[in-house]
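Asker: Dropping the structure in here first, questions after.
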Amino acid sequence: MIPFLELHKINARYEASFRGVFQDFLDSGYYILGNKVKQFENQFAHYCGVKHCIGVGNGLDALRLILEGYKILGKLNSGDEVLVASNTYIATILAIQQAGLKPILVEGEGRLFNFDMNALLTAKTEKTKAIMPVHLYGQLAPMDKINALASKEGWLVIEDAAQGHGAKHHDGRLAGNLGDAAGFSFYPTKNLGALGDAGAVTTNDDALAEVIRKIRNYGTSSKYVNDELGFNSRLDELQAAFLIEKLKTLDADNEIRRNHARSYLKEVVNEKIRLPFYDGTENHIFHLFVVCVKDRPKFLSYLEENEVGYLIHYPIPPHKQEALKAYSGLSFPETERIHDEVVSLPISPVLTKEAVAEVIAVLNRY
Ligand SMILES: *Cc1c(COP(=O)(O)O)cnc(C)c1O
């Protein structure tokens, strides 16, 4: 059996340093917003090439707190419209809704699994105030086009970088530094994953950073002084300590993923399996390797018979989810096709070359 993902194996590589880190943490007696959070924030800001990183509880909160922060700063107001691709993970949409803003779903397209740029132009109104591109599956969104449109229209650009840690734009900037602010998740399965929930906001905006630093911690500027109506969403000290260790190998891990992807792309030759677009650069970190097939149930049984692990990201589009009933009348044929056809194949930094070769052989026999 070739498992889809072996989280235990991924983290076993850091076992010795994790044990040391935990011992230091235990000895310090400091559990919340201590030196490890500060250290990770500095290192991740430096890594992304931004002025500020604010550690928060998870990726959903990172996105939500950016929007809440902009509301406090007066740059967004309740009811403003925020554009988001209809094939995203539901978290992007929930963040917008939870912040009292209006998600406007925009048809997706299957090359970059991102906005259909023409649909974007028809979806905008005078109430549109922000756009949230998602670097879905690890592939950067078309940021040049998005930023050009946003600056023409005066929109804020908020990256959902939860699947994009380390993805590099052609101008050298990394995900997290390609808009006004970005939300990261360090959920355990992400390319930079903690051993529990964790997230962060990155930005070059001093005012936004200051307000998010407050609202992640009850709106306080100093102990028991509340400047804003805040939340409790702090990056956990122990998770920060683990993330410091894992950040050291993020680039190397992303390169292993890209090499596996290159093998799949070169060696899988089967007209029944549509391979993902990849331009060969570092703008893709292959958080997932997603193929499209017409008769998915048949393909999935074949993978099961041949003991190849898989997952589906995602089986139901957001507008067809029970939780988003208000959107059920909308029609996004391309997004629906994507959700019917996608299959994620094994790709991870601990997957061996032999396992990749085995998956390739199975795919070529299909
Ligand atoms: C994982 C993910 C999130 C949410 O992150 P959590 O840490 O689980 O809250 C948001 N957006 C996308 C695209 C994700 O993949």
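Asker: Tell me, which residue of the stretch 13-33 that is in a helix (DSSP H, G or I) and among the aromatic types (Phe, Trp, Tyr) is surrounded by the fewest Cβ atoms within 10 Å (Cβ to Cβ)? Show your work before the answer.
Answerer: Narrowing the stretch 13-33 to residues in a helix (DSSP H, G or I): 15-28.
Keeping just the survivors that are among the aromatic types (Phe, Trp, Tyr) gives 18, 22, 25.
Details: Phe18: 18, Phe22: 14, Phe25: 18.
Checking each candidate, the answer is Phe22.
Asker: Hey, Arg274 hits all of (1) exposed (fewer than 15 other Cβ atoms within 10 Å of the Cβ); (2) out of contact with any helix residue (DSSP H, G or I) (no Cβ under 6 Å at 6 or more places or on another chain) but one; which does it fall short on?
Answerer: (1)
Asker: Take the residues of the stretch 82-109 that are within 12 Å of the ligand (Cβ to nearest atom) and assigned to a strand (DSSP E or B): which is surrounded by the fewest Cβ atoms within 10 Å (Cβ to Cβ)? First the steps, then the outcome.
Answerer: So the first thing to find is which residues in the stretch 82-109 are within 12 Å of the ligand (Cβ to nearest atom), and the list is 84-85, 87-96, 98.
Then keep just the ones that are assigned to a strand (DSSP E or B); that gives 84-85.
Working: Val84: 26, Ala85: 29.
Top of the filtered list is Val84.
Asker: Might you let me know whether the stretch 140-157 holds any residue that is over 25 Å from Gly193 (Cα atoms) and open to solvent by less than 10 Å² (accessible area, probe 1.4 Å)? Show your work before the answer.
Answerer: So the first thing to find is which residues in the stretch 140-157 are over 25 Å from Gly193 (Cα atoms), and the list is 144-156.
Now narrow it down to the ones that are open to solvent by less than 10 Å² (accessible area, probe 1.4 Å): 146, 150.
Yes, the stretch 140-157 has at least one match.
Asker: Can you give me the number of residues within the stretch 212-232 that are of a type in the set (A, V, I, L, M, F, W, C), more than 10 Å from Val56 (Cβ to Cβ) and open to solvent by less than 70 Å² (accessible area, probe 1.4 Å)?
Answerer: The qualifying residues number 1.
Asker: Separate question: Within the group Asn217, Asn226, Asn204, which residue is without any contact (Cβ under 8 Å) to a residue 40 or more places away in the chain and not small (Gly, Ala, Ser)? Outline the logic, then answer.
Answerer: Values: Asn217 fails: without any contact (Cβ under 8 Å) to a residue 40 or more places away in the chain; Asn204 fails: without any contact (Cβ under 8 Å) to a residue 40 or more places away in the chain.
Every option except Asn226 fails the conditions.
Asker: Might you check whether a residue that is within 9 Å of the ligand (Cβ to nearest atom) and either open to solvent by 10 Å² or more (accessible area, probe 1.4 Å) or among the polar types (S, T, N, Q) (or both) occurs anywhere in the stretch 163-184?
Answerer: First, pick out the residues of the stretch 163-184 that are within 9 Å of the ligand (Cβ to nearest atom): 163-164, 183-184.
From what's left, either open to solvent by 10 Å² or more (accessible area, probe 1.4 Å) or among the polar types (S, T, N, Q) (or both): 163.
The answer is yes, given that some residue of the stretch 163-184 is within 9 Å of the ligand (Cβ to nearest atom) and either open to solvent by 10 Å² or more (accessible area, probe 1.4 Å) or among the polar types (S, T, N, Q) (or both).
Asker: Is it the case, given these coordinates, that Gly57 is in contact (Cβ under 8 Å) with a residue 12 or more places away in the chain, assigned by TED's automatic domain parsing to the domain that holds Thr122, more than 16 Å from the ligand (Cβ to nearest atom) and surrounded by 14 or more Cβ atoms within 10 Å (Cβ to Cβ)? Walk me through it before giving the result.
Answerer: Working: in contact (Cβ under 8 Å) with a residue 12 or more places away in the chain: yes; assigned by TED's automatic domain parsing to the domain that holds Thr122: yes; more than 16 Å from the ligand (Cβ to nearest atom): no; surrounded by 14 or more Cβ atoms within 10 Å (Cβ to Cβ): yes.
Spelling it out, it is not the case that Gly57 is in contact (Cβ under 8 Å) with a residue 12 or more places away in the chain, assigned by TED's automatic domain parsing to the domain that holds Thr122, more than 16 Å from the ligand (Cβ to nearest atom) and surrounded by 14 or more Cβ atoms within 10 Å (Cβ to Cβ).
Asker: Please go through the stretch 185-197 and give me each residue that is near the ligand (Cβ under 7 Å from one of its atoms) and either surrounded by fewer than 22 Cβ atoms within 10 Å (Cβ to Cβ) or more than 17 Å from Tyr89 (Cβ to Cβ) (or both), ordered by number.
Answerer: Tyr187, Lys190, Asp197
Asker: Identify all residues within the stretch 110-126 that are open to solvent by less than 30 Å² (accessible area, probe 1.4 Å), of a type outside the set (Gly, Ala, Ser) and either part of a helix (DSSP H, G or I) or away from the ligand (no atom under 16 Å from the Cβ) (or both); write none if there are none.
Answerer: Pass one, the stretch 110-126, residues open to solvent by less than 30 Å² (accessible area, probe 1.4 Å): 110, 112-115, 119-120, 123.
Among the residues that remain, those that are also of a type outside the set (Gly, Ala, Ser) are: 112-115, 120.
Result: Leu120, single match.
Asker: Going through Lys9, Lys38 one at a time, which residue ends up being basic (Lys, Arg) and either in contact with a helix residue (DSSP H, G or I) (Cβ under 9 Å, 6 or more places away or on another chain) or within 15 Å of the ligand (Cβ to nearest atom) (or both)?
Answerer: Exactly one of Lys9, Lys38 is basic (Lys, Arg) and either in contact with a helix residue (DSSP H, G or I) (Cβ under 9 Å, 6 or more places away or on another chain) or within 15 Å of the ligand (Cβ to nearest atom) (or both), namely Lys38.
The values are calculated or read from the model by the stated rules, or taken from the named source; none is laboratory data. Values in this document were obtained by computation on a predicted structure and should not be read as measured data. Don't worry about glycine lacking a Cβ; one is built from the backbone with ideal geometry, like all the others, and counts go over all protein chains shown. What goes into the accessible areas is simple: the full protein's heavy atoms, side chains included, and nothing from ligands, DNA or RNA. Shrake-Rupley method; radii C 1.70, N 1.55, O 1.52, S 1.80 Å.
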